[in-house]
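Notes follow the structure.
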Amino acid sequence: MSLARSFSQWRFNGGLLLDTHLAESTQQPVLHSTLPEWLILPLQQHIGTAPKIDVEIGQTVRKGQLLAHADGYISAALHAPSSGVITALEERPIAHPSGLSALCLILHTDGRDEWDALPPPIADYKTADPLTLRQRIRQAGIVGLGGAAFPTSVKLNPVPTTPIQLLILNGAECEPYITCDDMLMCERAHDLIGGVLIMRYMLSVEEVIIGVEDNKPEACAALEAALEKFGAEAGGIAVRQVPTIYPTGGEKQLIRVLTGQEVPSNGLPADIGVICQNVGTAVAVYEAVTQGRPLISRYITVTGSGIQQPRVMEALIGTPISELVHQCGGYTEAAQRLIVGGPMMGFAVPSDEVPIVKGANCILVATTAELAPPVPAMPCIRCGACADVCPADLLPQQLYWHAKTKDFDKVADYHLFDCIECGCCAAVCPSHIPLVQYYRFAKTEIWARERERQQADLARQRHEFRLERLERDKREKETKLRKRKEALQQKSAEKTDDTKKEVIEAAVKRAKAKKASQKTADPVAPVSDPVGIAESLDSVSQDRDA
Amino acid sequence: MLTAIIALSALAGIFGLLLGFAAVQFRVEGDPVADQIDALLPQTQCGQCSYPGCRPYAEAIAAGEAEINQCPPGGEAGVRALAELLGREPIPLNAENGVEKPKALAVIDEATCIGCTLCIQACPVDAILGAPKLMHTIIAQECTGCELCIPPCPVDCISMVPVKETVENWKWPYPDAPAPLAATAERVESEQSSSPVAA
């Protein structure tokens, strides 16, 4: 425990000291969830494009089989969490603040839980090329398990603007109630360090800091013990305790606390030579490399006063929430609100039939005493409490005024996109203004405008092209017409009217001669033949054609 | 006296030359104001503004011939953006030009389509694909929802379908406005109840 002392040389501004509620769900070991009958697998579980489906409806799949492959660079593959039959591809409600449905693969499990052939394990990561390792991580469908679900293979391939000098492992699970990373660090410390070594090798950095909040001493002890076991191989990896202040677990906040450096506005940690990964992601990387196992399960906290036996579970991706709640003893009578995520940043879901996804870290079933429903907002009194607690050093009040008047350019000027939506400002607001909701509203509105702008640019381009094309067509038609006219004039100049007249006269003569001969033969017979002019004209036109 | 006149004339001449040179050297092609206005318009090319497209409308605004509130697809937000650009006060949309509607895309009922190509000729962004006497279809990504293809269709097989809300394009709703102060609310209530009309 020598290294693992509270490390408070640096800190970020603001933040809150919250009641952590960790004890409820950390009393019992991690429960491996039993196999549910149905698994609902949303295609889009990550940031980036949705993967392309590789299976057919009615197809039997085995555990770990690829269901959909990554489509594009920023995308993630999806695997079957158990064996069974794909029964449908349909829209199902998913865990999303909108409450909307999205395309999901439905897997009816067969209970056998048979593994598919997995890619061969890479026993010694040092013999493998970093590119091979990255490919393996990409094929395993690993995304950041801290919540943002950004594809890990992309994050491990930073654009070399600044050389990466430091890898930070984020074990500062700061939001109240959430304990899945805490339990993971305690139970899977060995695998975690194994994953850290692989990622360190891939990024070719020396220094690694595992940041853990100082309210998780067992996790620190477990990590220290694992580090000792690895011995010299794990040299350069340090476990550091950070003060328990919400939101230390925010990527930028943790970097500030551990290094004193600030990630630039609109920038990434890689811009200052730092890569930050969640501890759960490290375990997933270890499993993918050393066992070939794709990401098909994750640790998730099921907690709150609304749960009979709150605990951390290892659940298969796609398990409906109701199934997990059932395995935790069901709901208590006090259960009133169902939240996916924590009490600060999570969102309510309307039904417990929604599945858990790769980025889901907590299911919170709260009573109204724990999590009061929103009270009517009062006007802002400009007390400035929000600015005092903002961990991103923003001006929440200014953001609020401009978001409220829908002045989106101004909100963006006040660095709206540096807001991490931690909810500190709304928590301290004496007027109970739903500040974060205003920021989220402004963010999605600005994104929508950006999309509209792009569409308008495309439409303008196409419209201009169309006008140009019509103009060109008109020009071409005119030149064609002119040319034809000229050609006609030339031809008619060649064959003058005189020649025509001559032909007609000759025909008339011929007809007269015929008539005369007919009269002598049969004077009563009617004139049936139209004097043969047509015939002779025909011959003329034939001449012309020839 | 003479020196002053000469000096001033010389200065005038120099500055005149400078200005003339600048006018030639730094000449701006096109109309930058119209360009900026055009960049804010939604490019549906629908003609609801009574001009034959977004660019002519932008030029009319720049020339001061049109108001900034004649574009229903741009909506209130569009009016606000134009007002900000031109330093004017935002005004409500002119109802004569139409009303702001949720974005919709045109969809051809392919069973009814007779392949007359009239809609293809009407589409300002070439978003309709088809050939004479063959079924037509609309490229959804390129449709601006201008509705110009609907009137020419002789068999009424084109309908406007509102864009479906998905997880990707969903927007957080605007939070409910803060409630009035309790004291104010009470006062309003008591005023209402005491007024003879309300009673």
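The values are calculated or read from the model by the stated rules, or taken from the named source; none is laboratory data. For clarity, every value in this text was computed on a predicted model and none was experimentally measured. Positions of Cβ are backbone-derived with ideal geometry, glycine not excepted, and every protein chain shown enters the neighbour counts.
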Qualifying residue in the range A:82-94 (condition: more than 26 Å from A:Glu421 (Cβ to Cβ) and in a loop (DSSP other than H, G, I, E, B)): yes
Number of positions in the range B:148-176 that are surrounded by 14 or more Cβ atoms within 10 Å (Cβ to Cβ), out of contact with any Phe, Trp or Tyr (no Cβ under 6 Å at 6 or more places or on another chain) and within 14 Å of chain A (Cβ to nearest Cβ): 7
In the range B:96-130, the residues that are touching a residue at least 40 places away in the same chain (Cβ under 8 Å), within 13 Å of chain A (Cβ to nearest Cβ) and farther than 16 Å from B:Ser159 by Cα: B:Pro124, B:Val125
Only one of A:Ala442, A:Ala403 that is farther than 30 Å from A:Met313 by Cβ, touching a residue at least 40 places away in the same chain (Cβ under 8 Å), buried (at least 22 other Cβ atoms within 10 Å of the Cβ) and within 10 Å of chain B (Cβ to nearest Cβ): A:Ala442
Residue within the range A:492-501 that is assigned to a helix (DSSP H, G or I), within 11 Å of chain B (Cβ to nearest Cβ) and surrounded by 12 or more Cβ atoms within 10 Å (Cβ to Cβ) present: no
Which listed residue, of A:Lys515, A:Lys500, A:Lys485, A:Lys474, is farther than 29 Å from B:Ala122 by Cβ and at pLDDT 90 or above: A:Lys485
Criterion violated by B:Pro90 - all others in (1) under 13 Å from the mean Cα position of the chain (by Cα); (2) within 14 Å of chain A (Cβ to nearest Cβ); (3) under 19 Å from A:Glu452 (Cβ atoms) satisfied: (1)
Residue list for the range B:41-76, filter: under 22 Å from A:Glu468 (Cα atoms) and of a type in the set (A, V, I, L, M): B:Leu41, B:Ala58, B:Ala60
Only listed residue being in contact (Cβ under 8 Å) with a residue 12 or more places away in the chain and on the phi > 0 side of the Ramachandran plot, chosen from A:Gly384, A:Gly359: A:Gly384
Check on A:Val411, touching a Gly at 6+ places or on another chain (Cβ under 9 Å), under 30 Å from B:Pro90 (Cα atoms) and either hydroxyl-bearing (Ser, Thr, Tyr) or within 14 Å of chain B (Cβ to nearest Cβ) (or both): no
Residues of the range A:95-118 satisfying the condition of being outside any loop (DSSP other than H, G, I, E, B), touching a Ser or Thr at 6+ places or on another chain (Cβ under 8 Å) and within 14 Å of another protein chain (Cβ to nearest Cβ): A:Ala102
Any pair with Cβ under 7 angstrom, 6 or more apart, that starts in the range A:11-27 at a residue that is under 13 Å from A:Cys180 (Cα atoms) and ends at one that is polar (S, T, N, Q) and outside any helix (DSSP H, G or I): A:Leu22/A:Thr179; A:Leu22/A:Asn215; A:Glu24/A:Thr303; A:Ser25/A:Thr179; A:Ser25/A:Thr301; A:Ser25/A:Thr303; A:Thr26/A:Thr179
Some residue of the range B:181-195 being part of a loop (DSSP other than H, G, I, E, B), more than 10 Å from every other protein chain (Cβ to nearest Cβ), over 30 Å from A:Thr405 (Cα atoms) and at pLDDT 90 or above: no
